[in-house]
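J.: One structure, pasted below without further comment.
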Amino acid sequence: MPNITLPDGSVRQFDSTTTGAEIAASIGKSLARDAVAVRVDGNLFDLNRDIEADAAIEVVTRDSDEGLELLRHDAAHALAEAVKELWPETQVTIGPAIENGFYYDFSREEPFTEADLEIIEERMREIVDRDETIVREVWDRDEAVKFFRGIGEEYKAEIIASIPSEEPITLYRQGEFIDLCRGPHLPSTGKLGKAFKLTHVSGAYWRGDSNNEMLQRVYGTAWSTDKQLR
């Protein structure tokens, strides 16, 4: 029965393992609606990740700095999922949140065009409408390498080799798309909303090394609300 200490010092006791989503809902409907992640003893967790022991928690909302960064990271994953659906032969590499937005680097022979960005953005909106559940999975390191090589994602297999041995290998699944990522992520793609826009494409060397392949970097911006986007 975990005892959950809230930021105001109050303590709530749960009869069994709980989650950030359940804690937010126990506090109020508006908080549950705006919640995107939870900080557990200082560490960011997915809202649906189990909290099994006593902990100090803070619910992270979409309008906070941390929440906005998470939204932008999830927008990058939606971008990657959209590109893989439209052009399955494309390899995905990395896709972080950045100041005011996000990007994802792709390995693809044909250059992306402005028209392609419009097509990708529309597919991203479809992914949001699907409200795909986002699931965290912990994998064996060797099995993860085998999986990504088996689906032709050599860059992901290479990234795993650079992850310290003491760190778990976590993959996130949304719909048919699965990506290597530390997380955390939103509970579902629907939580992302549609306050995003793809802006431009540039070149970027893999791992910033000019001896490596030149990738295509698709940039976008994402916000908590349509008003902020405008």
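J.: What number of residues within the range 48-93 satisfy the criterion of being part of a loop (DSSP other than H, G, I, E, B), open to solvent by 70 Å² or more (accessible area, probe 1.4 Å) and within 30 Å of residue 25 (Cα to Cα)? Give the steps one after another, and end with the answer.
T.: Of the range 48-93, the ones part of a loop (DSSP other than H, G, I, E, B) are 48-49, 52-54, 62-64, 87-90, 93.
In the following step, the residues that additionally are open to solvent by 70 Å² or more (accessible area, probe 1.4 Å) were identified as 48-49, 52, 54, 63, 88-89.
If we keep only those that are within 30 Å of residue 25 (Cα to Cα) as well, we get 48-49, 52, 54, 63.
Total satisfying the criteria: 5.
Results for (1) within 16 Å of the chain's Cα centre (by Cα); (2) without any contact (Cβ under 8 Å) to a residue 40 or more places away in the chain, shown as yes or no for each residue.
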residue	(1), (2)
23	no, yes
26	no, yes
37	yes, no
42	no, yes
54	no, no
62	yes, no
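J.: Spot the failing condition for residue 139; the list is (1) within 30 Å of residue 33 (Cβ to Cβ); (2) over 13 Å from the mean Cα position of the chain (by Cα); (3) open to solvent by 50 Å² or more (accessible area, probe 1.4 Å), and only one is missed.
T.: (1)
J.: Additional query: Just a yes or no: is a residue in the range 217-224 outside any strand (DSSP E or B), in contact with a Gly (Cβ under 9 Å, 6 or more places away or on another chain) and within 28 Å of residue 139 (Cβ to Cβ)? Walk me through how you get there before you give the answer.
T.: Our first condition is that a residue be outside any strand (DSSP E or B); within the range 217-224, this holds for 223-224.
Those still in the list that are in contact with a Gly (Cβ under 9 Å, 6 or more places away or on another chain) too: 223-224.
Still in the list and also within 28 Å of residue 139 (Cβ to Cβ): none.
No, because not a single residue in the range 217-224 is outside any strand (DSSP E or B), in contact with a Gly (Cβ under 9 Å, 6 or more places away or on another chain) and within 28 Å of residue 139 (Cβ to Cβ).
J.: Within the range 153-168, identify whether any single residue is within 25 Å of residue 229 (Cβ to Cβ) and either open to solvent by 40 Å² or more (accessible area, probe 1.4 Å) or touching a residue at least 12 places away in the same chain (Cβ under 8 Å) (or both), and answer yes or no. Outline the logic, then answer.
T.: Just the residues of the range 153-168 that are within 25 Å of residue 229 (Cβ to Cβ), to begin with: none.
No, every residue in the range 153-168 fails to be within 25 Å of residue 229 (Cβ to Cβ) and either open to solvent by 40 Å² or more (accessible area, probe 1.4 Å) or touching a residue at least 12 places away in the same chain (Cβ under 8 Å) (or both).
The values are calculated or read from the model by the stated rules, or taken from the named source; none is laboratory data. Here the structure is a predicted model, which means the values were calculated and not measured. For neighbour counting, all protein chains shown are included, and Cβ atoms are generated from backbone atoms with ideal geometry for every residue, glycine included. Note: accessible area is taken over every heavy atom of the protein model, side chains too, but ligands, DNA and RNA are not part of it. Shrake-Rupley method; radii C 1.70, N 1.55, O 1.52, S 1.80 Å.
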